[in-house]
Amino acid sequence: MANDAVFRSSLVWLAVIIAVVGIYTQSFKKMILTYVVGLLGIAGLLLPDWGYFDRDFSRWTSPVSFEERAYEIAQRSGLITRLVEFVGFLWRF
């Protein structure tokens, strides 16, 4: 996983959501279900190497070239920058 900070913050937010669900519903089963669904969702979105799987299916058996990896990193950094700017814009309201 390329960005551990996103993974850690996702887990913290999941813990907050689990606490809210537990306090609101007072059900341990619903807390566990929220934990499992949230953990699977985070793992499905953040853990896979999407740059690797974003290639053509026939190229999955070959390693990622240096140029492909550099392009992916450049694309990701632009996305994160835009996301941070957007969240900063929303935070002002």
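No lab work stands behind these numbers, since they all come straight from the coordinates. Keep in mind that this is a model prediction, so the values were computed, not measured. Note that each Cβ is placed from the backbone with ideal geometry, even for glycine, and that neighbours are counted across all protein chains shown.
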- Message: Please give me the summed charge of the neighbours of V36: other residues whose Cβ is under 15 Å from its Cβ, Lys and Arg +1, Asp and Glu -1.
- Response: +2
- At most 12 other Cβ within 10 Å, DSSP loop - trypsin sites (Lys or Arg not before Pro), segment 1-37: none
- Item | Förster radius 25 Å - calculated FRET efficiency between A5 and Y52, Cβ distance, rounded to 0.05 | 0.75
- Query: So between V16 and S65, what do we pick up on full extension, going 0.36 nm a residue minus the alpha carbon distance?
  - Reply: 13.7 nm
- Hydrodynamic radius by Kirkwood for segment 23-64, inverse mean 1/r across distinct Cα pairs, in Å, is 12.8
